[in-house]
Amino acid sequence: MEIVNKSIMKYSIYGATGFVGGNFCRLFSDNVVLQNRDERKPNTNEIIYFISTVDNYNVHTNITLDVETNLKVLCEVLDFCRDSNTVFNFISSWFVYGETELPAKEEYYCRPTGFYSITKKAAEDLLISFCKTYGVKYRILRLCNVMGNGDGKVSAKKNALSYMIDLLKKNEDVYLYDDGTPIRDIMHVNDVCRAIDLVCREGKFNEIYNIGSGQPTPISAIIETAKEYLGSTSNIKSKEAPEFHKIVQAKDFWMDTTKLNRLGFTQQISNEQIIQELCQ
C-alpha cells in the first residue's frame, strides 16, 4: 500500500536502496526525491539520511567499511548542508545505547561497543556538532529491530530471526542463545516508516527520538509463536552466545517510546502479524 502525504515538502532521500530507506520510498513515493548514489548535494532542504552499514560483522572482512560509510560519506554530505534552512533527519540505531537501563530513554548515556555501533554514535555526535556550528536543524531517529516486507532476504548475520524461521520451515533444529531469554524491541518496517514520517513532520528540531514498539519481547516467545504457526517439528535448543556477540550488542534491549507516542503514533501491525509475515 502506498501512503501519500501531500502536506509537506519533498524529502531528499539518501540511502534509498537499503531495507528501511527503500520501504520508506515505496510508502511515501509522492514525497521523496531520490539522491543518486554518488550525489552529495541535497535536492531539497528536508533530508532523511538512511545511508549506513547494517551489522557488526564488517570488522572481520573490511575493518574500515564502517568508518568510510557511516562517517566519511556523512561528512561529504554535510559539506553541502551549511544552509540554516536545512533540516537533517538522521536515521540511527538502537545499537548506539549498548548496555543501559531499560527501557532505554533518549537522554540515557550511550555505551556502544562494536565498530558499527561506535561509528553510528560518532555520526550522531558529528552531526550535532556540525548543526550547532552552522545553525542547521536536525533530528536523530534511533530505530529498533525492524522486520517485515522482504526482510528474510537479508543475510543471516543481519537478521538472525529470519534465519531461524527458515530453519523452522525446514523442521531443522533451532539453537537460541541463552535459552532464548534475550529481549528485543521489534516493529514492522511499515510502522517504522510511518513513525519516521511522523517525526519528520511533527517532531521538535534538535531532538532524539526512539522509533520502536516499546514492548520487551523475548526471542524465545517469537520463535515459539513461529513454530506453532508453521506447525514445525523443529527442536528448540540452547547454546551460549559467542564472545563476539556479547561484545558488540546488549543481551536485552527495548525502548521507551514516550516521545514518539506523544506525537500521536500508534503501532498498526502487531508482533503476531510480523511473525506470520516472516513465516510466509
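Bear in mind these aren't lab numbers, they're just calculated from the coordinates by the rules spelled out. Since the structure is predicted, the reported quantities are computational estimates derived from the model, not experimental observations. Positions of Cβ are generated from backbone atoms using ideal geometry, with glycine treated the same way; all protein chains shown enter the neighbour counts.
In the chain, helices alone account for a calculated mean residue ellipticity at 222 nm of -9500 deg cm²/dmol, with every DSSP H run of four or more residues adding -39,500 (n - 2.57).
Take each peptide in 80-86, 93-99, count the other Cβ atoms within 10 Å of every residue, and average; sorted highest first, the result is 93-99, 80-86.
Near Leu176, the amide H atoms lying under 5 Å from its own belong to Lys237, Ser238, Lys239; only residues 5 or more places off or on other chains count, and H is placed 1.01 Å from N.
Ala221 to Gln280: extension gain in nm, 0.36 nm per residue of separation minus the Cα-Cα distance?
On the way: separation 59, 0.36 × 59 = 21.24 nm, distance 1.82 nm.
Gain on stretching Ala221 to Gln280: 19.4 nm.
Label positions at Leu167 and Thr61, each projected 7 Å from the Cα along the C-beta direction, are separated by 2.1 nm.
Can you tell me the mean projection area, over all orientations, of the convex hull of the range 19-111's alpha carbons? Units nm², please. List each step's numbers first, then the result.
Numbers: hull surface 31.6 nm².
Taking a quarter of the hull surface, the average projection is 7.9 nm².
In the chain, the longest principal axis of the Cα atoms and the axis of helix 189-202 are about 30 degrees apart.
Nearest 0.05, what FRET efficiency do Glu228 and Thr133 give at R0 = 35 Å with Cβ-Cβ as r?
Values: r = 54 Å, r/R0 = 1.55.
It comes out at approximately 0.05.
Between Gln280, Ile91, Ile165, the Cα set farthest toward the positive side of the dipole of the chain (charges on each charged residue's Cβ, about the Cα centre) is that of Ile91. Each label point was placed 7 Å from the Cα along the Cα-to-Cβ direction; for Lys246 and Glu202 their separation is 4.3 nm.
Once P(r) over Cα pairs in 10 Å bins from 0, in percent is calculated for the structure shown, the corresponding label among (i) 7, 32, 37, 20, 5, 0; (ii) 7, 29, 36, 21, 6, 1; (iii) 6, 25, 33, 21, 11, 5, 1 turns out to be (ii). Extension gain, Asp125 to Thr266, is 47.8 nm, computed as 0.36 nm per intervening residue step minus the present C-alpha separation.
Protection proxy ranking, highest mean first, for peptides 211-220, 19-28: 19-28, 211-220, where packing is the per-residue count of other beta-carbon atoms within 10 Å, averaged.
Charge dipole (Cα centre; +1 on Lys/Arg Cβ, -1 on Asp/Glu Cβ; no other charges) of the range 11-278 amounts to roughly 420 debye. Straightening the chain between Arg37 and Lys105 buys 21.1 nm, computed as 0.36 nm per residue apart minus the Cα-Cα spacing.
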